[in-house]
1. Residues of the stretch 71-94 with backbone nitrogen within less than 17 Å of a virtual label 7 Å along the Cα-to-Cβ line of residue 107, please, listed as ranges.
2. What is the distance in Å between the Cα centres of the stretch 9-71 and the stretch 136-189?
3. So for the pair residue 7, residue 22, with labels modelled 7 Å out along Cα→Cβ, what separation do we get in nm?
4. What value in Å³ per residue do you get for the convex hull of the alpha-carbon atoms in the stretch 32-162?
5. Would you work out the relative contact order for the stretch 9-72, in percent, from Cα pairs under 8 angstrom that are 6 or more residues apart?
6. Nearest 5 percent is fine: what portion of the DSSP beta bridges confined to the chain is antiparallel?
7. From Cα pairs below 8 angstrom and at least 6 apart in sequence, can you work out the relative contact order of the chain, rounded to a whole percent?
8. Suppose a student asked you for the relative contact order of the stretch 70-189, using Cα pairs under 8 Å spaced at least 6 residues apart; what percent would you report?
């Protein structure tokens with residue numbers, strides 16, 4: 001994973017972790033490394049993040065514990081190339097992150113793509129809470145119908161219950177803030193592909209803080225310890 005790199009793995013992991021976890025710019029990290037006697041360009045830190053964040057997220061997802069059967073779904077805004085784009089997210093009744101999907105558009109196709117991803121990875125929920133969005137409601141009904149038709153277990157699957165309530169969905173609105181708080185100092189992304197990778201890394205750190213990995217169930221590992229474990 002780190003073979004052939006000019007810098008030691010500890011330096012790479014430190015920079016990637018700090019960039020994803022804290023409100024630091026790439027130039028902040030360049031200066032902080034220089035204070036430690038390590039000369040690394042801010043562009044190099046960016047390349048490390050783009051390269052390693054997807055791998056670390058994949059490793060985390062393999063160790064992610066199951067979510068509950070009651071979800072809250074919503075989308076929030078993030079700027080890319082000067083345009084607002086949409087981060088679809090879902091959390092469960094414990095506040096744990098279920099799934100996320102970054103989309104260029106906010107429409108039925110995007111909502112269905114997000115839900116299909118969530119259903120494939122986490123199974124069928126009993127209930128999904130949404131705000132007043134009719135598009136999200138249509139997406140749930142469509143994906144639910146398709147999922148039940150494709151099921152070959154011969155079980156009688158109950159329809160997913162939909163609860164529309166802006167008040168009840170405040171839970172996920174609050175959860176959005178942790179992601180937006182980290183994204184804000186980045187002053188927008190240059191491309192959708194880059195945004196997806198970095199936001200995925202930020203979501204991973206957010207899940208680490210919630211203790212969503214199976215290995216965190218009986219021990220409170222720090223973010224640094226969790227990074228080391230995933231990169232081992």
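Each value in this text was obtained by applying a stated rule to the coordinates, not by laboratory testing. Since the model is a prediction, treat every value here as computed from it, not as a measurement. Every residue, glycine among them, receives a Cβ derived from its backbone with ideal geometry; neighbour counts consider all protein chains shown.
1. 84-88
2. Computed from Cα coordinates, the inter-centre distance equals 27 Å.
3. The two pseudo-label positions are separated by 1.4 nm.
4. Expressed per residue, the convex hull around the Cα atoms of the stretch 32-162 is 155 Å³.
5. Rounded, it is 28 percent for the stretch 9-72.
6. 70 percent
7. Reported relative contact order: 25 percent.
8. About 29 percent, as a whole number.
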